[in-house]
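What follows is one structure encoded as structure tokens, with my remarks underneath.
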Amino acid sequence: MSALTSVILPVFLVIGFGYLAVWKLRFPPEATDTLMGFAQTFSLPLLLFAAMTRLDLAQGFQPALLLSFYVGAFVSFAAGIAGARVIFKRDWEDAVVIGFACLFSNSLLLGLPITERAYGPDALTGNYAIIALHAPVLLTSGIVVMELARARGTPLSALPARVARNVFSNGLIIGILTGLAVNLTGLPMPGVIMDAADLIARAGLPAALFALGGVLYRYRPEGDIRVALMVCLLALGLHPAITWTLAHFTGVDTPGLRSATVTAAMAPGVNAYIFANMYDRAKRVAATAVLIATGLTMLTAWGWLSLLP
């Protein structure tokens, strides 16, 4: 019970306060968009930039850790697409969006604060290693699969440009890549610049969690509950189960096991809805799945934390 109350509950109280602010306290819904825009465009990219510049690449990028997490992610992606097609008879574009919701766990807004509260700030090396690849690999994969599903005779020569345009316009990816570039080249960064970046970065997670609550209020469940529950089962159950099992079999160390399992056990992030909105497909499923899974994570994450050393 202590993990639930001291680690998980504070994170969800911030989300719940954002939800309540829009629902009952007359906080303007459009203000949550502005707040989330600040977090996603400026604060969180700076957080990732600063983290990537300081990341111990040799320690963080453990092949077994990354394999454990990403095998689980892609199996969940495939299972989500198959379930949407075979069980719920959705067309290919809808199926890709539903699969993407199973693929893209909320590594940043939920995974980071829960891991930090559970194990301390020094336990985040594995989280940042996963996050460094998370958006570039998973967003690129989702876009490629969707563009293939939509191609239907269109020349595939146009695919690389579409993928590059969508991926490299993402502020989070820009923050990751620039931070890694500084890390790899050893480019000296003035302390005053890093201090300023850290000040802005520290506002990112609480602001984004509060805004996430307001966003979730606006995307209340409106049908497609069975499909959304399938997404929850795969994202909160199958993905972390595969990750936890593979991490044990491949000998991932204890900090890496914690980072990989907790990150895999997080609900689909708002990016799942953004992806659905980008293609105007299965938006109701994505929004409903994000809302329900985010609520369920408060309990399922407690369960996964109890299995970790």
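The values are calculated or read from the model by the stated rules, or taken from the named source; none is laboratory data. Quick caveat, the model's predicted, so the values are computed rather than measured. Cβ placement follows ideal geometry from the backbone for every residue including glycine, while neighbour counts extend to all protein chains displayed. Accessible surface areas use protein heavy atoms only, side chains included; no ligands, DNA or RNA. Shrake-Rupley method; radii C 1.70, N 1.55, O 1.52, S 1.80 Å.
Set side by side, the residues Pro240, Pro268 differ, and just one is touching a strand residue (DSSP E or B) at 6+ places or on another chain (Cβ under 9 Å), under 18 Å from Ala79 (Cβ atoms), at pLDDT below 95 and not aliphatic (A, V, I, L, M), which is Pro268.
Flag set for Pro255, criterion: open to solvent by 10 Å² or more (accessible area, probe 1.4 Å), of a type outside the set (Ser, Thr, Tyr) and on the phi < 0 side of the Ramachandran plot. Residue count for region 179-201 under the criterion of being open to solvent by less than 60 Å² (accessible area, probe 1.4 Å) and either assigned to a helix (DSSP H, G or I) or in contact (Cβ under 8 Å) with a residue 12 or more places away in the chain (or both): the result is 11. Residue pairs whose Cβ atoms lie under 6 Å apart, sitting 6 or more positions apart in sequence or on different chains, and linking a residue in region 74-87 that is modelled with pLDDT of 95 or more to a partner that is open to solvent by 10 Å² or more (accessible area, probe 1.4 Å) and not charged (D, E, K, R), are Val75/Ile242; Ser76/Leu234; Ser76/Leu238; Ala79/Leu234; Gly80/Leu234; Gly83/Met230. Of all residues in region 81-93 being part of a helix (DSSP H, G or I) and open to solvent by 20 Å² or more (accessible area, probe 1.4 Å), which is nearest to Ala286 (Cα to Cα)? In this case the residue turns out to be Ile81. For region 52-64, which residues satisfy the criterion of being open to solvent by 40 Å² or more (accessible area, probe 1.4 Å) and part of a helix (DSSP H, G or I)? Arg54, Leu57, Ala58, Gln59, Pro63, listed by residue number.
Determine if region 8-22 includes at least one residue that is touching a residue at least 12 places away in the same chain (Cβ under 8 Å), open to solvent by 30 Å² or more (accessible area, probe 1.4 Å) and closer than 25 Å to Pro309 by Cα. Looking for residues that are touching a residue at least 12 places away in the same chain (Cβ under 8 Å), open to solvent by 30 Å² or more (accessible area, probe 1.4 Å) and closer than 25 Å to Pro309 by Cα, one finds at least one in region 8-22, hence yes.
If you filter region 29-51 down to residues that are among the small types (Gly, Ala, Ser) and either outside any helix (DSSP H, G or I) or in contact (Cβ under 8 Å) with a residue 24 or more places away in the chain (or both), you find that the one that is nearest to Leu124 (Cα to Cα) is Ala51. Look at region 129-149: where a residue is over 19 Å from Ala264 (Cβ atoms) and a partner is basic (Lys, Arg) and open to solvent by 30 Å² or more (accessible area, probe 1.4 Å), sitting 6+ places away or on another chain with Cβ atoms under 6 Å, you get Glu147/Arg162.
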